[in-house]
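Here the structure comes first, spelled out in structure tokens, and everything after it is commentary.
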Amino acid sequence: MTDSIAPIIDISTSEAVPNEIADKFYSPDHIKQVLTTTLDFISTQSITLPYFEELDTKTWSQKPKQLGVYLTDRTEGRELNLEARNKDYATNILSYPSDLPAFIVTEMPEIALGELIICHEVVEQQASEQHKTVADHATHLLVHGILHLFGFDHELGQAEQDEMEGFEIAILEKLGIANPYIAK
């Protein structure tokens, strides 16, 4: 499905995030690999993507997918989480789906999935606390965020959480990363 159509990745960073962080953990090539692996896996499942269920299969399969990634620090991450979710702390990742109607997406040259906002300081802290590498944890959160952009939501109930975690585990395995839900 995605072999011939390369995704479009737009990465931006807050001035507070060193370029080395973006280059090391969130390079365009790495994000393209994560997005392509996620798209390929999802295409093998007999499921409908909640945010793209009205889009016909031909349009979905023949257009490149566009993903925005913004890296920020704890201060801005906290502000954004408070504004978006009314939660007063910096979270690891926020997902903002494009939420465009199918009739608009059909006319666009690519399918805008949305934007992921990543607070790398939180990613580093959690990786340390969970005894994981920062690279593996960052990759897990990219997969997690992309699934949110498709419309999956682990906060809707146990069945939805199990489904989403199952997808994450399978996708991460294809990327060579162990099950992130097993404590180390």
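Would you check if A112 is among the small types (G, A, S), open to solvent by less than 20 Å² (accessible area, probe 1.4 Å) and under 17 Å from H30 (Cα atoms)? It would help to see each step written out before you state the result.
Values: among the small types (G, A, S): yes; open to solvent by less than 20 Å² (accessible area, probe 1.4 Å): yes; under 17 Å from H30 (Cα atoms): no.
It is false that A112 is among the small types (G, A, S), open to solvent by less than 20 Å² (accessible area, probe 1.4 Å) and under 17 Å from H30 (Cα atoms).
Restricted to the range 5-23, and to residues that are assigned to a helix (DSSP H, G or I) and touching a strand residue (DSSP E or B) at 6+ places or on another chain (Cβ under 9 Å), which residue is surrounded by the fewest Cβ atoms within 10 Å (Cβ to Cβ)?
Of all residues in the range 5-23, those assigned to a helix (DSSP H, G or I) come to 19-23.
In the following step, the residues that additionally are touching a strand residue (DSSP E or B) at 6+ places or on another chain (Cβ under 9 Å) were identified as 19, 21-22.
Numbers: N19: 9, I21: 18, A22: 18.
Among residues in the range 5-23 that are assigned to a helix (DSSP H, G or I) and touching a strand residue (DSSP E or B) at 6+ places or on another chain (Cβ under 9 Å), the one surrounded by the fewest Cβ atoms within 10 Å (Cβ to Cβ) is N19.
Which one of the conditions (1) in contact with a helix residue (DSSP H, G or I) (Cβ under 9 Å, 6 or more places away or on another chain); (2) open to solvent by 20 Å² or more (accessible area, probe 1.4 Å); (3) closer than 23 Å to S46 by Cα; (4) not charged (D, E, K, R) does V105 fail to meet, given that it meets all the rest?
Exception for V105: condition (2).
With the condition being among the basic types (K, R), on the phi < 0 side of the Ramachandran plot and open to solvent by 30 Å² or more (accessible area, probe 1.4 Å), I'd like the helices (runs of 4 or more DSSP H) fully within the range 24-86 carrying at least 2 qualifying residues. I'd like the intermediate steps shown before the answer.
On the way: elements: 28-43, 57-62, 74-85.
Those helices (runs of 4 or more DSSP H) span 74-85.
Can you find even one residue in the range 122-138 that is open to solvent by 50 Å² or more (accessible area, probe 1.4 Å), of a type in the set (D, E) and more than 21 Å from N19 (Cα to Cα)? Lay out the reasoning, then the answer.
To start, the set of residues in the range 122-138 that are open to solvent by 50 Å² or more (accessible area, probe 1.4 Å) comprises 124-125, 128-131, 133, 136.
Imposing the further condition that a residue be of a type in the set (D, E) reduces the set to 124, 129, 136.
Now narrow it down to the ones that are more than 21 Å from N19 (Cα to Cα): 129.
Scanning the range 122-138 turns up at least one residue that is open to solvent by 50 Å² or more (accessible area, probe 1.4 Å), of a type in the set (D, E) and more than 21 Å from N19 (Cα to Cα).
Out of H137, H144, report the one residue that is under 22 Å from I47 (Cβ atoms) and either of a type in the set (S, T, N, Q) or assigned to a helix (DSSP H, G or I) (or both).
Working: H137 fails: under 22 Å from I47 (Cβ atoms).
Just a single option satisfies the conditions, and that option is H144.
The values are calculated or read from the model by the stated rules, or taken from the named source; none is laboratory data. Here the structure is a predicted model, which is why all the values come from computation and not from measurement. Reconstructed Cβ throughout: ideal geometry from the backbone, glycine too, with neighbour counts over all protein chains shown. Heavy atoms of the whole protein, side chains included, go into the accessibility calculation; ligands, DNA and RNA do not. Shrake-Rupley method; radii C 1.70, N 1.55, O 1.52, S 1.80 Å.
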